[in-house]
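Trainee: Pasting in a structure now, in structure tokens, and then I'll have a few things to ask.
The values are calculated or read from the model by the stated rules, or taken from the named source; none is laboratory data. What you see is a predicted model, and the numbers here were worked out from it, not measured in a lab. Cβ placement follows ideal geometry from the backbone for every residue including glycine, while neighbour counts extend to all protein chains displayed.
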Amino acid sequence: MDAVRRGLLGVMITGLAWLVVGCQAPGSTGAAPRDGVFVHISRGPGDPHAVLMGLKMATLMAADRDVLVYFDLKGVEVVLADAPDLRYDGFESSRVQLRALLDRGVPVLACPGCLRAAGHKAEDLMPRVQVADKDRFFSFTRGRILTLDY
């Protein structure tokens with residue numbers, strides 16, 4: 001009788017193991033891809049609190065997530081080479097935060113239509129700030145995308 005119980009227990013353990021292994025997707029390592037944070041900044045130099053808060057959140061999130069920072073509308077005025085260095089109590093300046101993000105490899109993009117509407121070109125942007133391309137909005141991460149608007 002003990003041999004029958006041991007055999008039955010062995011079959012149950014083997015079945016449970018196959019069930020656990022079979023529930024994973026083919027080719028899956030079990031680890032989920034890193035999620036991404038899309039930081040959208042549409043405010044310009046007239047609202048330094050919003051701009052600097054968006055940059056601060058991008059910096060905080062970049063510690064353990066994929067991040068992309070996108071400037072449109074009045075926001076494109078913040079990433080121009082001759083843009084003022086925005087300041088607000090409790091925050092690093094805009095140039096300090098942008099440099100830190102760019103040094104970390106975070107893509108910083110500007111809306112091409114908004115640049116044109118403001119009378120500017122890609123050449124007017126700060127070094128390493130790029131003109132946005134729609135494919136970059138989806139290719140910067142392999143995980144889910146959370147959007148933060150400022």
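Trainee: Before we move on, is G46 at pLDDT 95 or above, of a type in the set (G, A, S) and at negative phi?
Mentor: Taking the combined requirement at face value, the residue satisfies it.
Trainee: Tell me, yes or no, whether the range 125-145 has at least one residue that is of a type in the set (D, E), surrounded by fewer than 16 Cβ atoms within 10 Å (Cβ to Cβ) and within 16 Å of M57 (Cα to Cα). Spell out the reasoning first.
Mentor: First pass over the range 125-145, keeping only residues of a type in the set (D, E): 133, 135.
Narrowing further to those that are surrounded by fewer than 16 Cβ atoms within 10 Å (Cβ to Cβ): 133, 135.
From what is left, the residues that are within 16 Å of M57 (Cα to Cα) are none.
No, the range 125-145 contains no residue that is of a type in the set (D, E), surrounded by fewer than 16 Cβ atoms within 10 Å (Cβ to Cβ) and within 16 Å of M57 (Cα to Cα).
Trainee: Note down all Cβ pairs under 6 Å where the first residue falls in the range 99-117 and is buried (at least 18 other Cβ atoms within 10 Å of the Cβ), the second is among the hydroxyl-bearing types (S, T, Y), and they're at least six residues apart or on different chains.
Mentor: L109/Y70
Trainee: Something else: Mind listing whichever residues of the range 49-80 are farther than 23 Å from S139 by Cα and surrounded by fewer than 20 Cβ atoms within 10 Å (Cβ to Cβ)?
Mentor: Within the range 49-80, H49, A50, M53, K74, L80 qualify.
Trainee: If you don't mind, there's one more thing I want to ask. Among residues belonging to the range 79-92 that are in contact (Cβ under 8 Å) with a residue 12 or more places away in the chain and within 26 Å of G119 (Cα to Cα), point out the one that is nearest to the chain's Cα centre (by Cα).
Mentor: We begin by selecting, within the range 79-92, every residue in contact (Cβ under 8 Å) with a residue 12 or more places away in the chain; these are 79-84, 86-88, 91-92.
Checking which are within 26 Å of G119 (Cα to Cα) leaves us with 79-84, 86-87.
Values: V79: 18, L80: 21, A81: 23, D82: 26, A83: 24, P84: 25, L86: 22, R87: 24 Å.
The extreme case among them is V79.
Trainee: Out of contact with any Asp or Glu (no Cβ under 9 Å at 6 or more places or on another chain), modelled with pLDDT of 95 or more, among the acidic types (D, E) and within 26 Å of I145 (Cα to Cα), is that true of D72?
Mentor: So D72 passes the test.
Trainee: Continuing with this model, one more query. Assigned to a strand (DSSP E or B), of a type outside the set (F, W, Y) and at pLDDT 95 or above: is that true of L101 in this structure?
Mentor: The answer is no for L101.
Trainee: List pairs: first in the range 34-48 and in a loop (DSSP other than H, G, I, E, B), second of a type in the set (S, T, Y), Cβ under 7 Å, 6+ apart or cross-chain?
Mentor: Taking only residues 6 or more apart or on different chains, the pairs are R34/T141; D35/T141; R43/Y150.
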